[in-house]
Amino acid sequence: MEKSISVIISAISADDNAMKSSIPLPMHQVCGRSMLHHAINLAQQITYTPPSILVDKNLEQIKEHVSTSHVAELIDMSTTSFSDLEALTHLAEDADMLILLPAHMPLITATTIQNIIRFTDSQGLDATVMSLESSLSDVSFRHQLCCFSTKWLNDMLINQESQQSDIQSFHPSDLSELLVVNNRVNLAIAEARMRLKINENHMRNGITFLDPNQTYIGADVQIGCDTLIYPGNVLEGNTVIGEGCILYPNNRLKNSVISDQVSIESSVILDSRVGQDSTVGPFAYIRPDSTIGSNVRIGDFVEVKKSVIGNGSKVSHLTYIGDAQLGEDVNVGCGVVCVNYDGKQKQQVTVGDKAFIGCNVNLVAPVKVEDNAYVAAGSTITEDVPAKALAIARARQINKDGWVDKREQK
């Protein structure tokens, strides 16, 4: 019969002073995810029952970052009258076995926890400690990975006295999992080890890294097969990369969805989407809430903010597209600016399908350029441009012959 498992996460700070930080120890990040959230994610791989969390003086800060849907209960051990044993027994409920998981041991894997559960059960042990020592002292056990028989915990609580217990230590196959993050040095070590594991998993799933030691990928990032990643890429948050993409050096992508066959070079993309077969960069900046269609060209030194760019459109260089709606097959020349802010509020620019926007054009919002319209280079457009019309909004050129000679004579 399969044993029921309960997981309690110890988010009690071992030594905040060693981190020299106002951030609670469990909230420090490793590979883009807080150590506490690593522990919550690990608990979800072990059991369907949401984990409980033991906290101390940092209860309010931790509450701000933890979804109540992922946690059964938070107990503030700095104010409760519960002893450690009472807290564990209370939170274990009706489970057969209890895992006490320290939040500041982020390299522990689900496989190791499953192994310690099987070891404890098969040996009929009261408790197992994943440590180099088999110790359950009051001082240290909060900060070690432990597996308990809940029957033994209840017996200990009822008897309220020391009794003979069968407690053994358990060593994982990879001793690096025993790393305790209690200072910035160990935080960096954990980051490096986890990053390498993440990259190795992606390589085994069909992704090519030219230098995995110089590629930084968060724990929640997804990447499609046959994607090629150059050094210096930083992929964060819930970013999703499609198949057959090329990420040239020095990109930063966060919470963005990149479709298949996209190439990106030396660019920043935040909270946005890029369609299939598009190219971005070099030195492009795609700001949040932007949607780039398929077969789109976003060139060098282009900034896009909260805009939609339709399929097949080209914004090749030195351009700002802000609060704009561009249709399909639009050509935007060099130096175009969507003038979207009037000093009080943002307004929208709309450009229809197959429109042509010449170089050095200012589109002063709110304004609309309709389908198949042309805007002459150097124009400042303040009124709508009808479909298939040519808009010219610039002063007539005047040449003054002999002006230089007259100036020099003066």
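The values are calculated or read from the model by the stated rules, or taken from the named source; none is laboratory data. Computed from a predicted structure; not experimentally measured. No Cβ is skipped: glycine too gets one built from the backbone with ideal geometry, and neighbour counts run over all protein chains shown.
Some observations on this one:
- Set Thr47, Thr109, Thr128: member being surrounded by 14 or more Cβ atoms within 10 Å (Cβ to Cβ), touching a helix residue (DSSP H, G or I) at 6+ places or on another chain (Cβ under 6 Å) and of a type in the set (Ser, Thr, Tyr): Thr128
- Within region 57-78, tally of residues that are assigned to a loop (DSSP other than H, G, I, E, B) and over 16 Å from Asn41 (Cα atoms): 5
- Exactly one residue among Val274, Val280, Val308, Val304 is under 23 Å from Asn238 (Cα atoms), among the β-branched types (Val, Ile, Thr), surrounded by fewer than 19 Cβ atoms within 10 Å (Cβ to Cβ) and assigned by TED's automatic domain parsing to the domain that holds Ala355, and that residue is Val308.
- Scanning region 79-95 for residues that are touching a helix residue (DSSP H, G or I) at 6+ places or on another chain (Cβ under 6 Å) and part of a loop (DSSP other than H, G, I, E, B) turns up just one, Ala95.
This table checks each residue for (1) within 24 Å of the chain's Cα centre (by Cα); (2) surrounded by fewer than 17 Cβ atoms within 10 Å (Cβ to Cβ); (3) not assigned by TED's automatic domain parsing to the domain that holds Gly218.
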{"site": "Ala18", "(1), (2), (3)": "no, yes, yes"}
{"site": "Pro26", "(1), (2), (3)": "yes, no, yes"}
{"site": "Val30", "(1), (2), (3)": "yes, no, yes"}
{"site": "His38", "(1), (2), (3)": "yes, no, yes"}
{"site": "Val55", "(1), (2), (3)": "no, no, yes"}
{"site": "Met77", "(1), (2), (3)": "no, no, yes"}
